[in-house]
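First up is the structure itself, then whatever we jot down about it.
What follows is calculated from the coordinates using simple rules that are stated; it is not laboratory data. From a predicted model like this one, the values you see are computed outputs, not experimental measurements. Reconstructed Cβ throughout: ideal geometry from the backbone, glycine too, with neighbour counts over all protein chains shown.
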Amino acid sequence: MQDLPRHQGKRRILVEKLKEKGIQQKEVLEAIEKIPRHLFLDSSFEEHAYQDKAFPIGSGQTISHPYTVAFQSELLEVQQGEKILEVGTGSGYQAAVLCLMGAKVYTIERQLSLYKKTSKLLPKLGYRPKHMSFGDGYKGLPDYAPFDKIIVTAGAPFIPKQLMAQLKVGGRFVVPVGEEQQIMTLLIRKTAKSFEKHTFGEFRFVPMLENKN
Ligand code: SAH
């Protein structure tokens with residue numbers, strides 16, 4: 001599959017819609033305008049890839065709505081060269097957005113088939129996370145910690161303590177918290193022991209599951 005002018009045209013319209021919905025960060029909008037989202041989806045969704053919708057990506061999982069990806073990316077306040085941990089690699093689309101924004105991306109996925117598929121796809125499309133890992137996101141990646149930023153892209157029933165411990169002081173941790181629906185939550189690590197918590201609207205994610213290995 002290719003990235004054609006008609007795909008690019010649809011992306012420009014999508015970016016306009018995201019702006020109308022309140023997304024403002026230039027770097028986030030630029031990344032969404034550049035990344036061929038249709039190439040992260042099964043070809044049967046090609047014509048729908050630039051609607052603000054979630055789609056199945058196999059193994060019962062979904063690629064998040066572009067608005068959700070944009071909202072979470074904006075909350076992270078990504079700076080060039082920052083080390084960012086993503087829990088829930090899925091299709092790799094969110095990881096591609098972070099790579100394009102200049103982050104050093106470390107990402108974990110617990111579904112083996114998705115991990116394998118996305119580990120091949122991302123470099124093929126020119127996106128190179130620093131590290132892609134198959135395993136349990138609840139544990140984070142202690143060998144690579146601490147991180148400047150952490151993003152969870154599945155619905156977490158609670159905020160995993162082990163992830164909080166892997167955040168640098170001054171760092172931002174974006175996590176949707178809840179079972180059926182999730183409240184988008186931002187934790188800012190103020191000191192080694194204290195976090196400031198901010199909450200945003202409701203979102204709907206596939207669940208963050210305990211590891212089965
Ligand atoms: N960021 C992805 C969103 C995929 S949906 C994208 O842009 O496509 C969320 C993903 O989180 C799924 O692929 C799911 O398998 C994964 N996931 C759920 N629980 C997890 C856990 N404990 N550790 C790692 N990944 C997890």
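Just to confirm the filter: which GluC sites (Glu not before Pro) across segment 69-172 are DSSP coil and have at most 16 other Cβ within 10 angstrom of their Cβ?
Sites meeting the loop and neighbour criteria: 77.
Test of understanding: what is the full-extension gain from residue 139 to residue 210, defined as 0.36 nm times their sequence separation minus their Cα-Cα distance?
Length gained between residue 139 and residue 210: 24.6 nm.
Stretch residue 131-residue 190 to full length: gain in nm at 0.36 nm per residue minus the Cα-Cα span?
Between residue 131 and residue 190, full extension yields an extra 18.5 nm.
Quick one: work out the % antiparallel among DSSP beta bridges in the chain, nearest 5.
45 percent
So how much slack lies between residue 26 and residue 12, counting 0.36 nm per residue of separation and subtracting their Cα-Cα distance, in nm?
So the extension gain works out to 3.7 nm.
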